[in-house]
Amino acid sequence: MIMKRILYIVLAAVTISSFLFSCEAIEDRESLPAVTLTPETIKYSVTQNAAKKNEVILKNDDPTVIPYWKYVDAQGNELGHSNKSEDKITFPFAGKYTVFYTAFVRGGSVEAAPVAIDVPENDNAFFSDPRWNKLTNGQAGKTWVLYMTAPLEFIGNTPSYVNRAVSGPGWWPNLTDISWAGLENKDWGEITFDLDGGYNVSVTQTNPTLGATQKTTKKGTFNFSLTTGETNDRISFNGGTEMLHPNEPSYFSPSFSFTNVKIVELTDTSLCFIAIRADGDYLIYHLVPKS
């Protein structure tokens, strides 16, 4: 009797196991096709404007691929990228550049041979907007430092904030009135922008440790994105540099980066940018030209 019970249990287990295995889903996925595209068969063009050699037209002639363009200067600094099928880019400085094109297809990607671009002269008209000169003083360069008399403006959680001159000021107290903010009154360093053959930036930043005076200097390039109408100008940094700031980690949101900042005021004597505090409120830092 005991043996018969054991036999029934074994048979039941085998039956259940067979049922489970028979119900296992069978993957019915198509394999990705082989990539038949080659660097020689990619249909694209990189055309330099014969009348204005600072301008280059990028064109993808194959609607079945997703294009990706990247362009760098002679030192390998990435100046920009695009995923448009047709785009126009401008190299305002004389020099040698390289355009890279990658075609993404269902089975993978194919890189075309890099295209070399030689720009014989500067395009001075590219910098005709006065904001360029206010920020950089052109080829000569311009150095900014924190305005330690009143370095911070507190404006609360107002993402629509654009410009003090338009929206009205927030609370811009003297440093002596906000000792509780933990912002030490010391030399925080300086940031210099210039257009001497490229978008050059140099940042000397003071160690944020209380009482520290040690400084580190980094050099790189920057991009200055200008807008029309409501101000949403931005400065982004390449090469490990970032906007000069008093680096108090407890003040800033972990998602905020000083490598891409929104400019809310730029005049000959004032450069203000937004930072986001850890509590979600906004801070504006005030820089002035170094005297």
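See the values below:
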{"item": "Residue in region 93-101 that is within 20 Å of Ser236 (Cβ to Cβ) and in contact with a Pro (Cβ under 6 Å, 6 or more places away or on another chain) present", "result": "yes"}
{"item": "Conditions (1) at pLDDT below 95; (2) open to solvent by 30 Å² or more (accessible area, probe 1.4 Å); (3) out of contact with any Phe, Trp or Tyr (no Cβ under 8 Å at 6 or more places or on another chain); (4) of a type outside the set (Lys, Arg): number failed by Thr217", "result": "(1)"}
{"item": "Those strands (runs of 3 or more DSSP E) lying entirely in region 1-116 with at least 2 residues modelled with pLDDT under 95, open to solvent by less than 50 Å² (accessible area, probe 1.4 Å) and hydrophobic (A, V, I, L, M, F, W, C)", "result": "95-105"}
{"item": "Members of region 117-155 found to be under 28 Å from Ala51 (Cα atoms) and assigned to a strand (DSSP E or B), listed by number", "result": "Ile117, Asp118, Val119"}
{"item": "Residue ID - most open to solvent (accessible area, probe 1.4 Å), chosen from residues in region 264-291 that are without any contact (Cβ under 8 Å) to a residue 40 or more places away in the chain and over 20 Å from Met148 (Cβ atoms)", "result": "Asp279"}
{"item": "Residue count, region 149-178 (criterion: surrounded by 11 or more Cβ atoms within 10 Å (Cβ to Cβ), among the polar types (S, T, N, Q) and modelled with pLDDT under 70)", "result": "3"}
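Residue-by-condition table, conditions (1) in a loop (DSSP other than H, G, I, E, B); (2) within 20 Å of the chain's Cα centre (by Cα); (3) within 20 Å of Ser128 (Cα to Cα); (4) modelled with pLDDT under 85:
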site	(1), (2), (3), (4)
Ile235	no, yes, yes, no
Leu244	yes, yes, no, no
Val261	no, yes, no, no
Tyr285	no, yes, no, no
Ser291	yes, no, no, no
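The values are calculated or read from the model by the stated rules, or taken from the named source; none is laboratory data. Please read these numbers as outputs of a predicted model, since none were measured by experiment. Virtual Cβ from ideal backbone geometry, glycine too; neighbours counted across all protein chains shown. Accessible surface is based on the protein model in full, side chains and every heavy atom, while ligands, DNA and RNA are left aside. Shrake-Rupley method; radii C 1.70, N 1.55, O 1.52, S 1.80 Å.
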